[in-house]
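Here's the structure, in structure tokens; my notes come after.
The values are calculated or read from the model by the stated rules, or taken from the named source; none is laboratory data. Given the structure is predicted, the values throughout are model-derived calculations rather than measurements. Please note: Cβ atoms are built from the backbone with ideal geometry, for glycine as well, and neighbour counts cover all protein chains shown. Just the protein is used for accessible areas: all its heavy atoms, side chains included, with ligands, DNA and RNA removed. Shrake-Rupley method; radii C 1.70, N 1.55, O 1.52, S 1.80 Å.
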Amino acid sequence: MSKPVVYVVIHSLWGHIKTVAESVVEGLEAEGVEAKLFRVKETLPEDVLGKMYASTFDSIPVLEPQDLVKADGFIFGFGTRFGAAPAQVKAFWDATGGLWATQALAGKYGGVFTSTGTQHGGQEITISSFISHYVHHGVLFVPLGYGTPLISGVDEVFGGGPWGAGTLSDGNGSRQVSQREKDIAKYQGESFAKTIKKTFH
């Protein structure tokens, strides 16, 4: 029997989301799912990216919106922009009108993870506002839930919660992804894989 195929699709400015994505991929593969890492197309000009000290991660292939149909599920990861997905991710989904018209993605599985500059920078609202894309396409949202004790407790500052994995970058990107955040992301991949395998034939 063939393996379920899950795309992990990111937009990463400084690399925090890329690091989280790698742990998500690790978790997916640990549960026997074929995971593929992609990025959305960058829409900012190079001079602007340079002023932001941003990386483009050219080694990660760009996913075209119409290619979402090739996956059994997908997990999107991106940093917040005022409690919502950044313009690059919005542009990607704005180009899925043809898929929406035919409901080509209906019944597929979707998850989300994010990054914020501060502990109260809006991780839950960023993910919840993104879910409307899944709803209109008939994609089944798979939350992280409370299946791991890693997202509970106040012994340290960390990103992530029942909506999905996450990390905190600080406003200048100086804080790096913690081991706990990596472990939460890996769990999200494992949990997502277990869910999708329940109905995959």
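What the table shows:
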item	result
Residue within segment 108-119 that is out of contact with any Leu (no Cβ under 8 Å at 6 or more places or on another chain), assigned to a helix (DSSP H, G or I) and not aromatic (Phe, Trp, Tyr) present	no
Evaluation of Ala71 against (1) modelled with pLDDT of 95 or more; (2) open to solvent by 60 Å² or more (accessible area, probe 1.4 Å) (one fails), failing number	(2)
Any hit, segment 57-65, residues being touching a helix residue (DSSP H, G or I) at 6+ places or on another chain (Cβ under 7 Å) and either assigned to a strand (DSSP E or B) or not small (Gly, Ala, Ser) (or both)	yes
Cβ pairs under 8 Å, 6+ apart, first in segment 184-197 and under 13 Å from Val112 (Cβ atoms) and in a helix (DSSP H, G or I), second open to solvent by less than 10 Å² (accessible area, probe 1.4 Å) and among the aromatic types (Phe, Trp, Tyr)	Ala185/Phe113; Gln188/Phe113
Residues of segment 1-34 that turn out to be assigned to a strand (DSSP E or B) and either under 17 Å from Phe130 (Cβ atoms) or open to solvent by less than 10 Å² (accessible area, probe 1.4 Å) (or both), as a count	6
Those residues of segment 140-159 which are in a loop (DSSP other than H, G, I, E, B), over 24 Å from Phe92 (Cα atoms) and in contact (Cβ under 8 Å) with a residue 12 or more places away in the chain, in sequence order	Gly145, Tyr146, Gly147, Thr148, Glu156, Val157, Phe158, Gly159
Only listed residue being open to solvent by less than 10 Å² (accessible area, probe 1.4 Å), over 17 Å from Ile127 (Cα atoms) and not β-branched (Val, Ile, Thr), chosen from Leu44, Leu105, Leu37	Leu105
Evaluation of Ala101 against (1) of a type in the set (A, V, I, L, M); (2) closer than 25 Å to Ala193 by Cβ; (3) free of Cβ contacts under 8 Å to residues at least 60 places away in the same chain (one fails), failing number	(2)
Residues (surrounded by 15 or more Cβ atoms within 10 Å (Cβ to Cβ) and either touching a Cys at 6+ places or on another chain (Cβ under 7 Å) or charged (D, E, K, R) (or both)) located in segment 83-102	Lys90
Subset of segment 163-201 that is of a type in the set (Gly, Ala, Ser) and either more than 17 Å from the chain's Cα centre (by Cα) or surrounded by fewer than 19 Cβ atoms within 10 Å (Cβ to Cβ) (or both) - its residue that is farthest from Arg81 (Cα to Cα)	Ser178
Qualifying residue in segment 123-139 (condition: at pLDDT 95 or above and not in a helix (DSSP H, G or I))	yes
Scan of segment 152-162 for residues that are at negative phi and crowded, with 23+ Cβ neighbours inside 10 Å, ordered by number	Gly159
Exclusive hit being within 17 Å of Lys194 (Cα to Cα), of a type in the set (A, V, I, L, M, F, W, C), in contact with a Phe, Trp or Tyr (Cβ under 7 Å, 6 or more places away or on another chain) and at pLDDT 95 or above, set Val5, Val24, Val9, Val89	Val24
